[in-house]
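A.B. asks: My questions will all concern the structure given below.
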Amino acid sequence: MYIQANYQKGTTEQLDRIVNAFQEQSYCTGYAIDLVERIGATIMGVKPAELLNVPLVKIDDNFQWEQCKHCLLLHKELRYREITSNSKRMKVFFYHREQLDQTLRQKTSLKFLQSLGYPDDYSLEAYLDILVERIKGEEFPDEIGLFLGYPLKDVLGFTGRFPLKLIKTQGWKYYGTEKISKMRYESFHAARAIVKQQIKSIPS
């Protein structure tokens, strides 16, 4: 089973640090709750990454994203890349460094990404640089599913690089067999539920 109950060591403590920081900063409470819930599985080290359009909400001349993002970095493994923005939203790629690195380092993952032009000499930051540039480009990179923690078979099926039958859509499109994809989805959902319970302590 993909990581479900055995979360990354110390992750709950890292979550506590974020929650405590938000409690001390009343200017980003409701906004923070929504944001942390949405990236909860990544905070818990279960989902390697999350790509979100973050609202650029301004209160008392301060953008709440600018205030909140510094609290997120209290988590030692959580990082983000700001990609593109307009007056209302910013596209942000959030990632758990250790979990994403483990995901991309798998031989099958590397072989697939290198077939798409990623360098043979792997490094997490170099691969993220390429992904971010492709997100900014005209054609959205289908391989992002691998970065987001979707099973490789589903990414291969979606890109048409392997003749697998589409069997279900829940969170993303499942190809071939359902079992692995469903287990992965449920692990993400379980991690988010833990985070949602934890952040109830933040006053809204």
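A.B. asks: Run the quick spin-label model on Gln106 and Glu138: label points 7 Å from Cα toward the beta carbon, then report their separation in nm to one decimal.
C.D. replies: 3.3 nm
A.B. asks: Which length gain, in nm to one decimal place, applies between Tyr122 and Leu166 when the Cα-Cα distance is subtracted from 0.36 nm times their residue separation?
C.D. replies: Gain in length upon complete extension: 12.7 nm.
A.B. asks: A further question on this structure: What percent do you get for the relative contact order of the chain when only Cα pairs under 8 Å and 6+ apart count?
C.D. replies: 27 percent
A.B. asks: While we're on this one: Which entries in Lys91/Lys179; Lys47/Lys69; Lys88/Lys136 show an alpha-carbon gap greater than 21 Å?
C.D. replies: Lys91/Lys179
A.B. asks: With each pseudo-label sitting 7 Å past Cα toward Cβ, what's the Lys200-Ser87 distance in nm, one decimal?
C.D. replies: 4.0 nm
A.B. asks: Can you pull the semi-axes for segment 11-201, root of five times each eigenvalue of the Cα gyration tensor, sorted largest first, whole Å?
C.D. replies: In descending order, the three semi-axes are 30, 19, 15 Å.
A.B. asks: How would you rank 119-129, 37-47, 168-178, 92-102, highest first, on the average number of other Cβ atoms within 10 Å across their residues?
C.D. replies: The densest-packed peptide leads the list: 37-47, 92-102, 168-178, 119-129.
A.B. asks: Here's another thing I want to ask about it. Can you tell me how much longer the chain between Asp16 and Glu178 gets when fully stretched, taken as 0.36 nm per residue apart minus their C-alpha distance, in nm with one decimal?
C.D. replies: Length gained between Asp16 and Glu178: 54.9 nm.
A.B. asks: Per Stokes-Einstein, at 25 °C and 0.890 mPa s, what whole-number D in µm² s⁻¹ belongs to segment 50-125, with the Kirkwood radius over Cα pairs as the hydrodynamic radius?
C.D. replies: Reported coefficient: 170 µm²/s.
A.B. asks: Could you work out how far apart the two model spin labels at Glu98 and Thr159 are, taking each label as a point 7 Å from the Cα in the direction of the beta carbon, and quote it in nm?
C.D. replies: 2.8 nm
A.B. asks: Go ahead and estimate [θ] at 222 nm for the chain from helices alone: -39,500 (n - 2.57) per DSSP H run with n ≥ 4, summed, over the residue count, rounded to 500.
C.D. replies: Calculated mean residue ellipticity at 222 nm is -14500 deg cm²/dmol.
A.B. asks: For Val54, list long-range residues whose amide hydrogen, built 1.01 Å from N in the peptide plane, is under 5 Å from its own amide hydrogen.
C.D. replies: Met90, Lys91, Val92
Each reported figure results from applying straightforward, stated rules to the coordinates on display, with no laboratory input. Keep in mind it's a predicted model, so treat the numbers as computed, not measured. Positions of Cβ are backbone-derived with ideal geometry, glycine not excepted, and every protein chain shown enters the neighbour counts.
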